[in-house]
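Input: a single structure, listed below in structure tokens.
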Amino acid sequence: MVSAAPTRVLVVDDEENIAYLLRAALRHAGYEVEVAKTARQALDAVAAGVPDVIVLDVMLPDANGFDLCRRLRRGGLRVPVLFLTARDDVADKIRGLTLGGDDYVTKPFSIDEVLARIHVVLRRNGAANGSSMLVFGDLEMDDEARTVRRAGTHIDLSPTEYKLLRFLLANSGRVLSRAEILDHVWQYDFGGNANVVETYVSYLRKKIDRRGAPLIHTVRGVGYAMRAN
């Protein structure tokens, strides 16, 4: 049996203590880790082998992390980028995310938070273990084939239903507010119908949950979560 290659993380940070801490924690979690201290080293590392995710400090000695992210995106790199920085201004967060970043963690941070966010962006992008599959129990979503199966049975979904289910799957175990779902799935293109989330969750449940134990759960007063029980 051929085992899957470990997920590769490129940490770009010139602070020795932070780089050492991240490398040790990520390796302990099963990731393969490479560290770059400058933008130049990061570019060389990506050229030598594309990582699965990049943890990128904004303040580098030879470049701004935002500019480096923009350069990588223009070069066609599509792997998730997690910004790591001391800046916590809303304007900076918006700038980082609009330039192609996938998430944002401010210093000081907890290692558990960084690990959790890396896990989420990998699942969100279908990049974990180099697979296009999202699997939750007996529910399988194949992003390349755009198919969904539960217990081996194909489930036909509309494009919006598929996008909603993917968002729930990529964040399984986490409670998602209606506002988060609305922003991610519809991006304000919902015709002013505030009940559109509830309507489409209902559609999904009729197709997904009727084939086995309920997976989509309502958290009263908050939103929804994908859970096994």
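The values are calculated or read from the model by the stated rules, or taken from the named source; none is laboratory data. None of the values given here were measured: they were computed from a predicted structure. Positions of Cβ are generated from backbone atoms using ideal geometry, with glycine treated the same way; all protein chains shown enter the neighbour counts. We work out accessible area using only protein heavy atoms, side chains counted, and drop any ligands, DNA or RNA first. Shrake-Rupley method; radii C 1.70, N 1.55, O 1.52, S 1.80 Å.
Numbers below:
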read-out: Every residue from the stretch 170-217 that is aromatic (Phe, Trp, Tyr) and modelled with pLDDT under 85; value: Trp186, Tyr188, Phe190
read-out: Checking Gly65 against (1) open to solvent by 30 Å² or more (accessible area, probe 1.4 Å); (2) over 20 Å from His119 (Cα atoms); (3) not charged (D, E, K, R), the condition it does not meet; value: (1)
read-out: Matching residues in the stretch 193-229 - criterion: being under 22 Å from the mean Cα position of the chain (by Cα) and in a loop (DSSP other than H, G, I, E, B); value: Leu215, Val222, Arg227, Ala228
read-out: Unmet requirement for Val121, which otherwise passes all of (1) open to solvent by less than 30 Å² (accessible area, probe 1.4 Å); (2) closer than 23 Å to Val197 by Cβ; (3) part of a helix (DSSP H, G or I); (4) at pLDDT 85 or above; value: (4)
read-out: Subset of the stretch 26-43 (residues that are modelled with pLDDT under 90 and either in contact with a Leu (Cβ under 7 Å, 6 or more places away or on another chain) or over 14 Å from Val9 (Cα atoms) (or both)); value: Ala29
read-out: Test: residue in the stretch 144-159 that is part of a helix (DSSP H, G or I), at pLDDT 80 or above and closer than 26 Å to Leu122 by Cβ; value: yes
read-out: Residue within the stretch 137-145 that is farther than 18 Å from Ala228 by Cβ and either buried (at least 19 other Cβ atoms within 10 Å of the Cβ) or among the polar types (S, T, N, Q) (or both) present; value: no
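Yes or no, residue by residue, for (1) β-branched (Val, Ile, Thr); (2) surrounded by 14 or more Cβ atoms within 10 Å (Cβ to Cβ):
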| position | (1), (2) |
| --- | --- |
| Ile18 | yes, yes |
| Gly30 | no, no |
| Arg40 | no, yes |
| Ala47 | no, no |
| Val58 | yes, yes |
| Leu77 | no, yes |
